[in-house]
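No value in this document is a laboratory result; all are computed from the given coordinates. On a predicted model such as this, the values are computed, not experimentally measured, just so you know. Here Cβ is always computed from backbone atoms with ideal geometry, including for glycine, and neighbour counts include all displayed protein chains.
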Ligand code: GDP
Ligand code: MG
């Protein structure tokens with residue numbers, strides 16, 4: 001069974017928590033894109049863990065975790081993430097962590113370039129997390145990037161790095177007027193952190209292909225939602241990689257395999273980190289109360305997230321882009337304090353009303369049309385069966401299910417592993 005778990009919205013839908021829950025049924029969890037620009041927060045009996053790079057299955061003893069070729073890896077960050085988890089009692093070894101030799105290395109100068117460019121953009125900034133992700137993906141496609149397996153060939157890699165650094169310095173000095181980076185410093189950084197990670201590096205695609213053919217269950221884990229996909233999201237306020245499920249086999253190293261199932265993670269309301277069009281954005285008291293109730297602050301950056309009502313238009317589009325077969329609706333419990341719950345069911349674009357997610361400037365000028373549903377005004381965090389839920393909560397779920405045209409199989413009502421309901 002090959003399953004992808006992906007975000008339907010702008011990210012932070014609670015993917016980490018759902019992967020943590022569902023990973024029990026899987027032998028292997030693979031991350032197929034992105035870097036340490038986003039974070040999953042997972043709470044279980046061992047404690048609270050923030051994962052930026054490691055797949056969420058790392059918290060389960062018997063699960064093998066793979067970091068795929070579609071990822072960009074900041075070696076220093078990964079070494080620290082591994083150390084942090086070890087301190088929390090999580091065992092990590094080459095047995096349960098495998099890093100693709102084709103995954104791209106995110107270098108310190110990528111972070112610098114990310115900061116320089118966001119600063120140059122000033123008020124027009126993209127809202128980058130400044131962790132070097134756009135510059136490193138840029139270099140991947142310019143073929144100016146090093147990959148994990150290069151660490152095993154120090155002589156050729158050192159020479160190649162010197163040439164790449166000379167090329168990067170043309171931009172650093174010439175475009176941004178900043179001091180050049182030193183090839184020796186970069187090499188020292190690569191050796192320091194790369195040596196620690198070498199035991200985990202392997203042909204991850206081959207490993208996964210064999211595992212799939214041996215009947216193992218594999219879970220493909222995305223970071224960030226459909227609306228952050230480089231092609232289909234709210235470009236340029238997107239990530240720099242494909243976050244959608246269709247990319248999972250490629251970014252994992254098994255483009256020959258087909259997914260059996262795509263689970264879309266969708267939050268019961270909306271949140272969006274950083275810049276870009278966010279049609280349902282709320283302000284004032286409604287927004288503040290919702291942000292506090294949902295604890296909507298970035299896991300990687302601590303930034304307060306923009307929040308708003310559930311968005312049918314964006315979610316239906318996200319479901320289509322993900323090819324989601326079923327939905328896990330998360331954080332329904334967060335809405336329990338509301339007397340009335342607004343849901344955005346259409347956009348007004350100029351003089352037209354549309355239910356299809358618009359492109360470009362049409363999206364920038366879109367205004368939300370709301371329908372208001374009745375709140376349930378009671379604690380639902382202890383509900384474990386559909387029958388336990390108050391009628392208004394069931395009505396809310398069914399309304400969203402009908403509007404987005406995708407089956408809501410799971411509803412999550414709390415941050416901990418067992419806080420969920422299977423609806424079907
Ligand atoms: P991800 O990036 O999609 O994995 O999501 P984040 O980890 O950035 O944000 C999800 C946050 O919501 C985490 O702090 C979770 O512990 C928490 N969370 C997840 N599901 C639920 C839920 O059903 N109810 C509540 N109250 N919190 C949840
Ligand atoms: Mg997150």
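Please label the shape of segment 1-95 as rounded, prolate or oblate, based on the square roots a ≥ b ≥ c of the eigenvalues of the alpha-carbon gyration tensor (a/c under 1.5 means rounded; beyond that, a/b larger than b/c means prolate, else oblate).
rounded
Any idea how far the Cα center of segment 1-75 sits from the one of segment 265-279, in Å?
20 Å
If you line up the long axis of helix 284-294 against the longest principal axis of the chain, both from Cα atoms, how many degrees apart are they, to the nearest 10?
70 degrees
Could you work out [θ]222 nm for the chain from helices alone, using -39500 (n - 2.57) per DSSP H run of at least four and dividing by all its residues? Round to the nearest 500 deg cm²/dmol.
-10000 deg cm²/dmol
Tilt of helix 183-197 relative to the longest C-alpha principal axis of the chain, in degrees (0 to 90, nearest 10)?
Roughly 60 degrees, rounded to the nearest 10.
Rounded, prolate or oblate: which fits segment 84-150, taking a ≥ b ≥ c as square roots of the Cα gyration tensor eigenvalues, rounded meaning a/c under 1.5, else prolate when a/b beats b/c?
Taking the square roots of the gyration eigenvalues as a ≥ b ≥ c, segment 84-150 is oblate.
Which angle between 0 and 90 degrees, to the nearest 10, do you get for helix 204-213 versus the longest principal axis of the chain when only C-alpha atoms count?
50 degrees
Percent relative contact order of the chain, based on C-alpha pairs within less than 8 angstrom and at least six residues apart?
Reported relative contact order: 20 percent.
Per 0.36 nm of contour for each residue apart, how much would the distance between residue 231 and residue 362 grow if the chain were fully extended, relative to their Cα-Cα spacing?
45.5 nm
Given the C-alpha centroids of segment 178-214 and segment 363-392, what is the distance between them in whole angstrom?
Comparing the Cα centres of segment 178-214 and segment 363-392, I get a distance of 45 Å.
Quick one: if you stick a label point 7 Å off each Cα along the C-beta vector at residue 285 and residue 339, how many nm between them?
Here the answer is 0.9 nm between the modelled labels.
Under a GNM of the chain (C-alpha, springs under 10 Å), which listed residue has the highest mean-square fluctuation: 164, 408, 218?
Most flexible of the set in this elastic network: 164.
Evaluate E = 1/(1 + (r/R0)^6) for residue 173 and residue 84, where r is the Cβ-Cβ distance and R0 equals 25 Å; express this FRET efficiency to the nearest 0.05.
0.10
Looking only at segment 202-237, which residues have a backbone nitrogen under 12 Å from a spot 7 Å from the Cα of residue 260 in the C-beta direction?
Backbone N within reach: 212-219.
Which residue fluctuates the most in the chain, going by a Gaussian network model with Cα springs under 10 Å, if the choices are 132, 294, 47?
Taking springs between Cα atoms under 10 Å, the residue moving most is 47.
For segment 299-342 and segment 238-264, what is the centre-to-centre distance using only Cα atoms, to the nearest Å?
21 Å
For the chain, what is the percent of antiparallel DSSP beta bridges, rounded to the nearest 5?
Antiparallel: roughly 40 percent of the beta bridges in the chain.
What is the Cα coordinate range of the chain on the first, second and third principal axes, sorted by size from largest, in whole angstrom?
Extents along the principal axes: 67, 49, 38 Å.
Apply the a/c threshold of 1.5 to the C-alpha gyration tensor of segment 316-368 and tell me whether it is rounded, prolate or oblate.
oblate
Select from 281, 361, 45 the residue whose mean-square fluctuation is largest in a Gaussian network model of the chain (Cα-Cα springs shorter than 10 Å).
45
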